[in-house]
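Colleague: Quick one: the structure is below, and I'll ask about it shortly.
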Amino acid sequence: MASISARRLAKELREIQGEGCPVGISLLKADDFATWWFSIEVMGESLYQNEAYTLQFRFDSQYPISSPAVQFVVTDGKQAPIHPHVYSNGHICASILGNEWSPVLSVVAVCVTLQSMLASCKKKERPTDNDRYVRTAPENPKKVRCHLPKSVSSANSFPDTIPL
Amino acid sequence: MSSDYEFSDDDGDYYDDEEMLDGTQEDDMDMDAFGEDFKVVPKGKHKAYEVEYDSLSQAAVEKLMKQDVDHICGIFGVDVSTANLLLRYIKWNKERLIEKYMDNPTTMLVAAGVIVPEASSQPAPAPIRTHSSTSSGFHIPKSLKPKVEEPFVCPICFDDDTSIQTLALDCEHTFCFGCWTAYVNSKIRDEGEHSIRCMAEGCALVAPDPFIRSILIPEPGAPKTWDRFQELLVRQFVACNNDLKFCPYPSCTNTVSCPSASSKASLATVVPTVSCGALREHMFCFGCPIESDHRPVVCGVARMWLKKCRDDSETANWIKSNTKECTNCQSTIEKNGGCNHMTCKKCKHEFCWVCMGPWSEHGTAWYSCNRFDEKTGVDARDAQSKSRASLERYLHYYNRWANHEQSAKLSLDLYAKTEKKMEDMQITSALTWIEVQFMKKAVEEVDKCRMTLKWTYAMAYYLAKGNQKDLFEDNQRDLEKAVEDLSELLESPIEAENIPTLRQQVTNKTVYVQKRNEIVLEDTANGFVEGRWKWNITVEGFDDPESD
Ligand SMILES: [Zn+2]
Ligand SMILES: [Zn+2]
Ligand SMILES: [Zn+2]
Ligand SMILES: [Zn+2]
Ligand SMILES: [Zn+2]
Ligand SMILES: [Zn+2]
């Protein structure tokens with residue numbers, strides 16, 4: 001029996017190749033079930049008009065039980081978008097990539113969430129702790145817990161929790 | 001919180017630790033309820049430098065948790081797993097839970113992930129699940145019954161096998177058994193998570209314990225994962241209670257209860273060195289993250305000193321080197337024992353390893369190697385010489401601090417060799433095993449006293465000039481001299497015929513060293529209680545230094 005991870009990714013890939021990605025998102029490379037690359041662009045009016053970014057997804061054997069490692073590519077002259085939740089090393093502070101990850105979410109769902117995160121941005125700036133973070137951040141963005149205010153969550157938000 | 005992000009391979013607890021020491025947590029722990037059976041090492045308060053504490057096994061902590069759970073079950077009329085979810089959500093603050101729950105039970109149950117928000121429209125919200133009649137509190141929730149809906153495809157693995165077993169929490173978000181198993185295992189084992197939410201996106205329902213148990217039981221590694229889950233629950237409970245601290249040593253599951261050191265204010269008067277009771281080496285500080293005994297100095301000062309040493313590590317690194325040059329003939333000398341009395345092999349010059357001064361001066365009363373001559377600092381006028389003076393001052397203390405640590409290590413190494421020799425002698429001579437044991441006790445005592453001495457240098461660095469500091473340094477010097485004497489004796493050559501004399505000398509000096517150590521610890525501890533110690537820097541919990 002193939003691993004859950006391989007079967008899931010095979011199905012996601014089939015769907016992407018069959019139905020295509022939502023507008024502004026396109027698959028750049030997916031030669032295996034370890035690393036995929038997407039191009040992501042914000043459509044319509046936004047601070048990121050005419051800017052295309054490259055997103056990298058890394059999957060381990062636990063996918064989709066555990067989240068993929070997602071980051072913007074910052075090598076080969078590419079840059080991460082300037083955004084209050086995106087560090088200059090490409091790491092992204094988004095709760096759906098961390099403790100709000102659900103195994104029901106897919107690669108395309110992550111792309112769409114990040115696209116809307118950029119689309120709704122009011123001011124282009126780096127996270128306040130960018131320098132400190134980049135100096136000490138581990139290579140794998142999953143190793144870091146994000147504590148930035150107003151972290152990006154997916155469309156369905158949780159019921160309000162009672163402030164303690 | 002000191003940082004906006006943290007690495008996830010820490011203890012896996014996502015609760016802020018802000019509450020830990022600020023006294024906001026109610027002190028509702030009933031000490032009498034601990035029960036004699038669960039005291040691993042009962043400790044009475046004997047000495048000024050000892051703090052009263054209890055060591056608790058995991059089972060003992062679980063018993064405390066169960067008391068809270070039973071209490072909540074009794075008041076709210078909910079079952080054990082609901083009470084557990086509520087208490088975990090509210091960080092075991094019973095009073096706050098009672099208040100919030102009385103105010104609006106539905107809101108509370110939704111927030112804790114016990115019920116789905118829609119269920120709030122149903123008539124009787126409080127006892128969602130009827131109280132189980134089994135004494136263990138274990139019951140099979142209705143959702144455990146495999147679903148028999150027709151064309152099921154697992155939304156995670158896309159398995160559509162008709163014989164597939166499925167599971168859902170009360171929210172009815174259904175997934176296959178395999179996905180649930182992988183998810184629960186990954187949450188517990190990889191993420192160290194004790195609160196396991198439904199897998200559906202945005203669903204906040206939390207899996208109750210019987211559900212988790214039913215998933216783990218058929219697994220081959222189940223007992224281990226289930227045990228790990230129990231440990232995570234205990235860790236959360238302990239982290240939520242200021243009176244408790246989990247043993248920091250790897251794979252230890254004991255807890256220490258130390259109510260007298262649970263507030264920030266108390267840490268200005270006590271140094272709460274505790275032991276979890278599982279193993280003798282499991283010693284740690286209840287008041288700060290230092291995993292060793294830092295008596296006699298209080299947590300705030302110890303932490304400040306360690307930070308300074310970290311920040312200045314490069315400047316001071318040369319000190320740790322094991323070789324120095326003889327001040328007389330410049331030949332290289334290597335230190336391979338704990339004793340600081342060095343004799344150059346080449347020119348026979350005797351000197352002190354720490355200050356490089358002649359050893360002859362160390363035996364006389366007027367000379368003290370431990371005291372820093374503050375006059376050099378007073379003379380400094382311009383900024384450059386001032387900063388040089390302050391570096392010299394720091395190096396004086398750091399040098400002695402680092403040297404005690406290193407000497408302790410070296411004397412342990414040396415003892416290992418000596419022990420071997422003594423065992424050999426036991427075979428070749430008429431000595432009994434008991435007769436060769438005196439060295440072991442002495443080495444242990446030297447090690448202990450060097451740790452005290454080490455921290456006295458951290459303390460002296462921050463002590464304000466004056467009578468009190470002078471008295472402190474007198475006691476420090478007397479202990480240091482006693483330790484160096486004993487250390488030297490321990491390195492004298494051992495022959496079968498000199499053993500009886502050596503034994504007598506070593507035993508006498510060990511007793512004396514013990515006494516001197518006791519004096520330093522007692523007097524310093526009393527000084528904290530009496531508010532005698534003044535600092536040359538602002539220390540939390542103490543008066544600001546007087547400007548001079
Ligand atoms: Zn499945
Ligand atoms: Zn659900
Ligand atoms: Zn322990
Ligand atoms: Zn401490
Ligand atoms: Zn020499
Ligand atoms: Zn000296």
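Colleague: Looking only at residues in the stretch B:437-482 that are more than 20 Å from B:Trp305 (Cβ to Cβ) and of a type in the set (A, V, I, L, M, F, W, C), which one is most open to solvent (accessible area, probe 1.4 Å)?
Modeller: B:Leu471
Colleague: Give the residues of the stretch B:515-531 that are of a type outside the set (A, V, I, L, M, F, W, C) and open to solvent by less than 70 Å² (accessible area, probe 1.4 Å), sorted by residue number.
Modeller: Hits for the stretch B:515-531 are B:Arg516, B:Asn517, B:Glu518, B:Glu522, B:Asp523, B:Thr524, B:Asn526, B:Gly527, B:Gly531.
Colleague: While we're here: Would you tally the residues in the stretch B:211-233 being closer than 18 Å to B:Thr166 by Cα, open to solvent by less than 10 Å² (accessible area, probe 1.4 Å) and more than 14 Å from every other protein chain (Cβ to nearest Cβ)? Talk me through it step by step, then tell me what you get.
Modeller: To start, the set of residues in the stretch B:211-233 that are closer than 18 Å to B:Thr166 by Cα comprises B:211-219.
So of that shortlist, the ones also open to solvent by less than 10 Å² (accessible area, probe 1.4 Å) come out as B:211-212, B:215-216.
Now restrict to residues that are more than 14 Å from every other protein chain (Cβ to nearest Cβ): B:211-212, B:216.
The total comes to 3.
Colleague: Looking at the stretch B:74-85, can you tell me whether even one residue there is part of a helix (DSSP H, G or I), within 14 Å of chain A (Cβ to nearest Cβ) and among the aliphatic types (A, V, I, L, M)?
Modeller: Our first condition is that a residue be part of a helix (DSSP H, G or I); within the stretch B:74-85, this holds for B:74-76, B:80-85.
If we keep only those that are within 14 Å of chain A (Cβ to nearest Cβ) as well, we get B:85.
Imposing the further condition that a residue be among the aliphatic types (A, V, I, L, M) reduces the set to B:85.
Yes, the stretch B:74-85 contains a residue that is part of a helix (DSSP H, G or I), within 14 Å of chain A (Cβ to nearest Cβ) and among the aliphatic types (A, V, I, L, M).
Colleague: A further question follows. With within 16 Å of ligand 2 (Cβ to nearest atom), open to solvent by 40 Å² or more (accessible area, probe 1.4 Å) and not basic (Lys, Arg) as the only criterion, which of B:Glu172, B:Glu191 stands out?
Modeller: On the way: B:Glu191 fails: within 16 Å of ligand 2 (Cβ to nearest atom).
Just a single option satisfies the conditions, and that option is B:Glu172.
Colleague: Of everything in the stretch B:194-210 that's under 34 Å from the mean Cα position of the chain (by Cα) and open to solvent by less than 40 Å² (accessible area, probe 1.4 Å), which residue is nearest to ligand 6 (Cβ to nearest atom)? Can you show your working first?
Modeller: Pass one, the stretch B:194-210, residues under 34 Å from the mean Cα position of the chain (by Cα): B:194-197, B:206-210.
Those left that are additionally open to solvent by less than 40 Å² (accessible area, probe 1.4 Å): B:194-196, B:206-210.
Working: B:His194: 54, B:Ser195: 57, B:Ile196: 60, B:Val206: 63, B:Ala207: 64, B:Pro208: 66, B:Asp209: 62, B:Pro210: 67 Å.
The selected residue is B:His194.
Colleague: Across the stretch B:185-202, what is the total count of residues that are touching a helix residue (DSSP H, G or I) at 6+ places or on another chain (Cβ under 8 Å) and hydrophobic (A, V, I, L, M, F, W, C)?
Modeller: The qualifying residues number 3.
Colleague: Quick check on my filter: what residues within the stretch A:52-85 are of a type in the set (Val, Ile, Thr), without any contact (Cβ under 8 Å) to a residue 60 or more places away in the chain and within 22 Å of A:Val23 (Cα to Cα)?
Modeller: Selection gives A:Thr54, A:Val73, A:Ile82.
Colleague: Would it be correct to say that A:Arg135 is open to solvent by 10 Å² or more (accessible area, probe 1.4 Å), in a helix (DSSP H, G or I) and more than 9 Å from chain B (Cβ to nearest Cβ)?
Modeller: Criteria met by A:Arg135.
Colleague: Taking the conditions exactly as written (within 12 Å of another protein chain (Cβ to nearest Cβ), crowded, with 18+ Cβ neighbours inside 10 Å and free of Cβ contacts under 8 Å to residues at least 60 places away in the same chain), does B:Cys179 satisfy them or not?
Modeller: Yes; evaluated as a whole, the condition is true for this residue.
Colleague: Here's another thing I want to ask about it. Looking at (1) more than 22 Å from B:Thr273 (Cα to Cα); (2) within 27 Å of the chain's Cα centre (by Cα), which is the one condition that is false for B:Glu484?
Modeller: (2)
Colleague: Identify all residues within the stretch A:16-51 that are in contact with a Leu (Cβ under 7 Å, 6 or more places away or on another chain), hydrophobic (A, V, I, L, M, F, W, C) and without any contact (Cβ under 8 Å) to a residue 60 or more places away in the chain; write none if there are none.
Modeller: Residues satisfying the conditions are A:Ala30, A:Phe33, A:Trp37.
Colleague: Check the stretch A:26-33 and report whether any residue there is more than 16 Å from ligand 6 (Cβ to nearest atom), in a loop (DSSP other than H, G, I, E, B), crowded, with 17+ Cβ neighbours inside 10 Å and away from chain B (no Cβ under 11 Å).
Modeller: Yes, the stretch A:26-33 contains at least one residue that is more than 16 Å from ligand 6 (Cβ to nearest atom), in a loop (DSSP other than H, G, I, E, B), crowded, with 17+ Cβ neighbours inside 10 Å and away from chain B (no Cβ under 11 Å).
Colleague: Does A:Pro64 qualify as being under 29 Å from A:Ile4 (Cβ atoms) and surrounded by 19 or more Cβ atoms within 10 Å (Cβ to Cβ)?
Modeller: Details: under 29 Å from A:Ile4 (Cβ atoms): yes; surrounded by 19 or more Cβ atoms within 10 Å (Cβ to Cβ): yes.
Spelling it out, A:Pro64 is indeed under 29 Å from A:Ile4 (Cβ atoms) and surrounded by 19 or more Cβ atoms within 10 Å (Cβ to Cβ).
Colleague: Further question: Mind checking whether some residue in the stretch A:78-95 is within 9 Å of chain B (Cβ to nearest Cβ), at pLDDT below 90 and surrounded by fewer than 23 Cβ atoms within 10 Å (Cβ to Cβ)?
Modeller: No, the stretch A:78-95 contains no residue that is within 9 Å of chain B (Cβ to nearest Cβ), at pLDDT below 90 and surrounded by fewer than 23 Cβ atoms within 10 Å (Cβ to Cβ).
The values are calculated or read from the model by the stated rules, or taken from the named source; none is laboratory data. Quantities reported herein were computed from a predicted structural model and do not represent experimental measurements. Quick reminder, even Gly has a Cβ in these numbers, built from the backbone with ideal geometry, and neighbours come from all protein chains shown. Note: accessible area is taken over every heavy atom of the protein model, side chains too, but ligands, DNA and RNA are not part of it. Shrake-Rupley method; radii C 1.70, N 1.55, O 1.52, S 1.80 Å.
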